[in-house]
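Working notes, beginning with the structure itself.
The values are calculated or read from the model by the stated rules, or taken from the named source; none is laboratory data. Bear in mind the structure is a predicted one, so any value in this text is a computation, not a measurement. Cβ atoms come from the backbone with ideal geometry, glycine included; neighbour counts cover every protein chain shown. What goes into the accessible areas is simple: the full protein's heavy atoms, side chains included, and nothing from ligands, DNA or RNA. Shrake-Rupley method; radii C 1.70, N 1.55, O 1.52, S 1.80 Å.
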Amino acid sequence: MTLLLGATTIGLILALLALGVYLSFRIFNFPDITADGSITLGASVTATLLVHHWSPWLATVAGFLAGMMAGTTTGVLHTKFKINGLLSGILVMTALYSINLHIMSKSNVPLLNEISLATQIEHMGHAAFHAETDVNLFGWTVGVRDAAMLLGVLLLVAMVGLVLYLFFRTNLGTAMRATGDNPQMIRALGVSVDFILILGLALSNGLIALAGALLAQYQGFADVQMGIGMVVWGLASVIIGEALVGSHRIGLLITGAVMGSVLFRLLVAIALRWGLNPNDLKLITAAFVFVALIAPALLRKLKSAPKPGPA
Amino acid sequence: MLEISGITKTFNARSPNEVRALRGVSLRLETGSFLIIIGTNGSGKSTLLNAVAGTFIADTGSIKLAGKDITRWPEHQRAKLIGRVFQNPFSGTAPNMSIAENLALAARRGRPRGLGWALGHNLRSSLRDRIRALNMGLEDRLDNAIGSLSGGQRQALTLLMASWLKPELLLLDEHTAALDPRSADQVIRLTHQIIHGDKLTTLMVTHSMQQAVHLGDRIVMMHRGQVLYDLHGPERARVRPEDLLNRFEEVRHREQLDPTVAEILRRNYV
Ligand SMILES: Nc1ncnc2c1ncn2[C@@H]1O[C@H](COP(=O)(O)OP(=O)(O)OP(=O)(O)O)[C@@H](O)[C@H]1O
Ligand SMILES: [Mg+2]
């Protein structure tokens, strides 16, 4: 049970990553792989600030803002310097590796006794459940820390999702969606596609860095390697989410990305429990995304292929 | 008023694929006038409209609109002054967004877009009214994705969007060419209604001589990146579709002559 709770919590945290990836890959159709660097950036900035006794909320917001800066850089490289989108992301991601090492001044920052959002949520959990270690949740006995963490993260992610949903219904947010849908049209309606793309990538990487900031606090450390393969992870979540909701409505897609992330994480936890070699995780994730990407076209081909007649 | 002076545009300059798409076009369009542009394929009609809309910056020459020199303005800035309908019905609308959202985007053409609600209550009811006036039964489908509509319905909506905030200039590039005859008629009627109702200054490209003669108050024929004829006043009033077709024949005939002779003729003629 504890295992599933933990997996769900991490799935929820990484739902922010999925939302960021959804924004760049799906709304803008922009293959932004800055994400691998910006999730670590969020983690390293927040962890380092926590070590310097910043308030957890401020440190987390700082992680988010750092991610926005990374996204802005990718956007500027692409729009102002006309560098291929994929390459812009690679450049920023590579640069971030060194930057993250500089921020942390080592490859790993443990959060041992620092006050973080995680410790605060734990405190609130003890207060709320009136329990020291274990609590009864729908008939299961679970650790207070695990239960509180899950609820806290759920609340936070729901809030972020709601804000994102509301944003997409504002004038600026609809213009952003339209930019991905039909750039020619939105330009003819007076919107600078470059500006909106930069803004969108900033928002996307901000969300991804926020995921990193929360993950570092939840697991109790930031590590320079933690971002590797995260784009593909987020993409897998988005694809599962789309399959789950099967709709173009923005609210459902946001919910789908969150559910996709949680489901994916649960599947992984179960697979690992059954003896999957952790080293194969990224290979399997990549293979899954590959299949999901080609499946629709393949299905269409199979359907339209002429039936083999009698020889 | 629109004032185009001596604009040129060469694509792929100094390469084997060099195309001199505009070779010095000058046009003055009074406020409220409706100009029809005709011409053979590849004569530069779309390129002229793109140059005005700012899809690219012209190589030389200048463009003034409503007292402003917009020659070097980027496309999205010119959109403050210009409304536009493309030939392809897919170009003018965002397919995955709803009818209401598309119109809401157009209702802020060229204006700042902040964190206000895109679809306020007032806007929703006023766009329902205007969509009802199209008589296409779309007023009950405001929340459907535009991608699910027919080409004619999409062009009608694009026209509504382009003119929602009265533009200083309306650009129409063969906006009925991709439609079936019935939808084309419907969109042309709407075009007429909107342009006359709002007294919009308009540049419209068409291949239909019927449209050229029955709409608009002036006809320009383009050929090889230049203005070949400019029919206005009494001459325009007398012109019939056959006359325009004859002029096309004339051009075609001239093209078939020995190229050197054609070149000499063109130099004298144009
Ligand atoms: N972006 C571009 N790059 C290269 N060549 C171009 C480009 N746009 C137009 N051209 C060329 O410029 C010339 C004029 O094209 P344009 O589209 O303006 O013609 P048109 O009069 O609109 O023709 P049609 O009636 O077929 O629409 C053509 O030879 C065309 O191939
Ligand atoms: Mg054309």
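Counting just the residues of the stretch A:253-307 that are in a helix (DSSP H, G or I) and charged (D, E, K, R), which one comes out surrounded by the most Cβ atoms within 10 Å (Cβ to Cβ)? So the residue we want is A:ARG265.
Of the residues making up the stretch A:166-199, those that are within 23 Å of A:GLY251 (Cβ to Cβ) and either polar (S, T, N, Q) or more than 13 Å from every other protein chain (Cβ to nearest Cβ) (or both) are A:THR170, A:ASN171, A:THR174, A:THR179, A:ASN182. For the stretch B:111-121, name all the residues that are small (Gly, Ala, Ser) and more than 7 Å from chain A (Cβ to nearest Cβ). Within the stretch B:111-121, just B:GLY120 meets the criteria. Please state which of the following conditions A:THR133 fails to meet, knowing it meets all the rest: (1) of a type in the set (Val, Ile, Thr); (2) within 30 Å of A:LEU154 (Cα to Cα); (3) buried (at least 16 other Cβ atoms within 10 Å of the Cβ). Looking at each condition in turn, A:THR133 falls short on (3). Taking each residue of the stretch A:53-77 that is within 10 Å of A:SER38 (Cα to Cα) and looking for partners that are outside any helix (DSSP H, G or I) with beta-carbon atoms closer than 6 Å, six or more apart or interchain, yields A:ALA70/A:THR34.
Table: residues versus (1) among the hydroxyl-bearing types (Ser, Thr, Tyr); (2) closer than 19 Å to B:ASP173 by Cα; (3) within 14 Å of ligand 1 (Cβ to nearest atom); (4) open to solvent by less than 30 Å² (accessible area, probe 1.4 Å).
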| position | (1), (2), (3), (4) |
| --- | --- |
| B:PRO16 | no, no, yes, no |
| B:LEU22 | no, yes, yes, yes |
| B:VAL25 | no, yes, yes, yes |
| B:GLY32 | no, yes, no, no |
| B:ASN41 | no, yes, yes, no |
| B:ASN50 | no, yes, yes, no |
| B:ALA66 | no, no, no, no |
| B:TRP73 | no, no, no, no |
| B:ILE82 | no, yes, no, yes |
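Per the listing B:ARG124, B:ARG108, the residue uniquely basic (Lys, Arg), buried (at least 21 other Cβ atoms within 10 Å of the Cβ), within 14 Å of chain A (Cβ to nearest Cβ) and not in a strand (DSSP E or B) is B:ARG108. Taking (1) surrounded by fewer than 21 Cβ atoms within 10 Å (Cβ to Cβ); (2) in contact with a Gly (Cβ under 6 Å, 6 or more places away or on another chain); (3) among the polar types (S, T, N, Q) in turn, A:SER55 satisfies each apart from (2). When A:ALA127, A:ALA148 are screened for being among the hydrophobic types (A, V, I, L, M, F, W, C) and open to solvent by less than 60 Å² (accessible area, probe 1.4 Å), only A:ALA148 passes.
To keep it simple, each residue is scored yes or no on (1) modelled with pLDDT under 95; (2) farther than 18 Å from B:ARG141 by Cα; (3) among the β-branched types (Val, Ile, Thr).
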residue: B:ASP59; (1), (2), (3): no, yes, no
residue: B:GLU75; (1), (2), (3): no, yes, no
residue: B:GLN87; (1), (2), (3): yes, yes, no
residue: B:ASN96; (1), (2), (3): yes, no, no
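Residues of the stretch A:195-205 include none that is in contact (Cβ under 8 Å) with a residue 40 or more places away in the chain, farther than 30 Å from B:PRO74 by Cβ and in contact with a helix residue (DSSP H, G or I) (Cβ under 7 Å, 6 or more places away or on another chain). Pull up the stretch B:193-226, narrow it to residues that are open to solvent by 40 Å² or more (accessible area, probe 1.4 Å) and not charged (D, E, K, R), then point me to the one that is nearest to B:LEU165 (Cα to Cα). The residue in question is B:GLY197. Within the stretch A:260-275, residues that are farther than 17 Å from A:VAL232 by Cβ have Cβ atoms under 9 Å from residues that are open to solvent by 60 Å² or more (accessible area, probe 1.4 Å) in these pairs: A:LEU266/A:LEU4; A:ALA269/A:LEU3; A:ALA269/A:LEU4; A:ILE270/A:LEU3; A:ILE270/A:LEU4; A:LEU272/A:PRO278; A:ARG273/A:LEU3, counting only partners at least 6 apart in sequence or on another chain.
If you go through the stretch B:83-100 and keep only what is of a type in the set (Val, Ile, Thr) and facing chain A (nearest Cβ under 8 Å), you end up with just B:THR93. Among the residues in the stretch A:219-227, are any in a helix (DSSP H, G or I), open to solvent by 20 Å² or more (accessible area, probe 1.4 Å) and touching a helix residue (DSSP H, G or I) at 6+ places or on another chain (Cβ under 6 Å)? No, every residue in the stretch A:219-227 fails to be in a helix (DSSP H, G or I), open to solvent by 20 Å² or more (accessible area, probe 1.4 Å) and touching a helix residue (DSSP H, G or I) at 6+ places or on another chain (Cβ under 6 Å).
Residues of the stretch B:84-96 include none that is away from ligand 2 (no atom under 16 Å from the Cβ), open to solvent by 10 Å² or more (accessible area, probe 1.4 Å) and in a strand (DSSP E or B).
In the stretch B:52-64, the qualifying residues are those that are away from ligand 1 (no atom under 14 Å from the Cβ) and under 23 Å from B:ASP217 (Cβ atoms), and the one that is nearest to the other protein chains (Cβ to nearest Cβ) is B:ILE63.
Return yes when A:LEU156 is in a helix (DSSP H, G or I) and farther than 21 Å from A:ALA7 by Cα and no when it is not.
No: the conditions fail for A:LEU156.
Do we find a residue being within 13 Å of chain B (Cβ to nearest Cβ), in a helix (DSSP H, G or I) and of a type outside the set (Phe, Trp, Tyr) anywhere in the stretch A:206-213? There is no residue in the stretch A:206-213 that is within 13 Å of chain B (Cβ to nearest Cβ), in a helix (DSSP H, G or I) and of a type outside the set (Phe, Trp, Tyr).
Scanning the stretch B:146-179 for residues that are surrounded by fewer than 19 Cβ atoms within 10 Å (Cβ to Cβ) and over 18 Å from the mean Cα position of the chain (by Cα) yields B:GLY147, B:SER148, B:SER150.
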